[in-house]
Amino acid sequence: MYTQAKRKMSASAIVGVVLCILLIPILLFNSVIIIKGLVDPDNPPSIFGVYPFVVVTDSMYVEKGDIKGGDLIFSKKVDPDTLEKGDIISFWDAQGSITTHRIVQVLQTEEGPAFYTKGDANPTQDQLIARGDDPIAAADVVGLYKSRIGGVGKFAMFLQQPLGLLCFAGIPILLFIIHDVLQKRMVMSQKDAKNKALEEELERLRRKEAEKSPASEAGHEDAPSQQ
């Protein structure tokens, strides 16, 4: 019984540790993003020079494995002079939003490099739609696309909402408290069981001694006296 209870406690502890390992980094990452966004709302938040973005449209989706709406992507800050045709970059578009498209042409200007971009699934270049013939200036480049996590963009956005924070901060804390309470109750239950077993054993020994004592005394009284 003790071994079985110990195994249950160990399994419960493992579940608690796994939950902490999975959720704490997500909560820390999301908290940093939210705080940075509040402190400097004019610039996209980053962690160690890496910018997380949620893709809204399928403008880059042509085949399986491409960037798709709902993905969470990561772009890294780079020197615009190192960018070249074919690179996928995140940049400030004419509407003041962040867009992630592929470079189709690089121009050298007095202010530095400038870029024409296009969504892989779009029929025309971005500048023909929003900027006229003006290319993207180096100053508007946020970063170079590096990787993506498919389909978790909406989940990441949900985490930044009050309900998301409540669910993924409050629930783990609540689970941890419940786990801690149950673990302590299990330990106390085991101690109570051991104490009860000891008390029963002591009581059994007392009864055994009590049963022996009268018989022993009676034997001494009935024995003949010797002169």
Worksheet item: Can you pull out the strands (runs of 3 or more DSSP E) entirely within segment 1-111 that have at least 2 residues that are of a type in the set (S, T, N, Q), at pLDDT below 85 and closer than 30 Å to Met186 by Cα?
Response: none
Discussion item. Criterion first (at pLDDT 75 or above and under 34 Å from the mean Cα position of the chain (by Cα)) does Ile171 satisfy it?
Written reply: no
Fill in: Filtered residues of segment 112-132 (kept if crowded, with 19+ Cβ neighbours inside 10 Å and at pLDDT 90 or above)
Pro113, Ala114, Phe115, Tyr116, Thr117, Lys118, Gly119
Worksheet item: Restricting attention to segment 181-193, which residues are touching a residue at least 40 places away in the same chain (Cβ under 8 Å) and not aliphatic (A, V, I, L, M)?
Response: Gln183, Ser189, Gln190
Response to the item:
All conditions in (1) without any contact (Cβ under 8 Å) to a residue 60 or more places away in the chain; (2) over 34 Å from the mean Cα position of the chain (by Cα) are true of Asn122 except (1)
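The values are calculated or read from the model by the stated rules, or taken from the named source; none is laboratory data. Quantities reported herein were computed from a predicted structural model and do not represent experimental measurements. In this analysis, Cβ positions are derived from the backbone assuming ideal geometry, glycine residues included, and neighbour counts consider all displayed protein chains.
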